[in-house]
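The values are calculated or read from the model by the stated rules, or taken from the named source; none is laboratory data. This is a predicted model, so every value here is computed, not measured. Neighbour counts run over all protein chains shown; Cβ positions are idealised from the backbone, glycine included.
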Amino acid sequence: MNAKQREFVSYYAESGNAADSARKAGYSKRSARQTGFRLLKRGQIQEALEEEAKVIRSQRTIARNQASMMLLSAFGSATNSTEMRLAADALSKLHDLV
């Protein structure tokens with residue numbers, strides 16, 4: 001896979017927009033839609049996108065865990081019921097419990 005294709009994978013993993021990702025990766029603006037569609041059919045691109053998705057999921061999990069620890073700490077060090085409720089609400093939203 002060449003550098004443009006790696007750039008395409010990176011942009012596509014973020015946006016999910018093949019034409020925009022092709023343009024950002026340096027492919028022709030006029031043929032970006034076709035290029036993006038063609039690239040998504042390639043086995044190497046699909047494999048790279050799967051790997052990129054794994055990395056993104058892992059990073060999100062780490063970020064969510066860090067945020068949870070921070071909110072639990074805020075809950076534990078809260079000085080009044082309002083601070084406790086705010087921390088609990090934020091923690092619930094973070095884990096899609098509300």
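State yes or no: is Arg57 under 27 Å from Gln5 (Cα atoms), part of a helix (DSSP H, G or I) and modelled with pLDDT under 95? Before you say what the answer is, go through the steps one by one.
Numbers: under 27 Å from Gln5 (Cα atoms): yes; part of a helix (DSSP H, G or I): yes; modelled with pLDDT under 95: yes.
So Arg57 fits the description; yes.
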| message | Lys41 - would you say it is over 22 Å from the mean Cα position of the chain (by Cα) and basic (Lys, Arg)? | response | no
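Being of a type in the set (S, T, N, Q) and surrounded by 19 or more Cβ atoms within 10 Å (Cβ to Cβ) is the filter here, so list the residues in the range 17-56 that pass it. Before the answer, list the steps.
Filtering the range 17-56 down to residues of a type in the set (S, T, N, Q) leaves 17, 21, 28, 31, 34-35, 44, 46.
Selection gives Ser21, Thr35.
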| Looking at this structure, is Glu51 more than 30 Å from Leu94 (Cβ to Cβ), among the charged types (D, E, K, R) and either in a loop (DSSP other than H, G, I, E, B) or under 19 Å from the mean Cα position of the chain (by Cα) (or both)? | no
| query | Taking only pairs six or more apart or across chains, which ones have beta-carbon atoms under 7 Å, a first residue in the range 76-98 that is β-branched (Val, Ile, Thr), and a second residue that is part of a helix (DSSP H, G or I)? | reply | Val98/Ser92
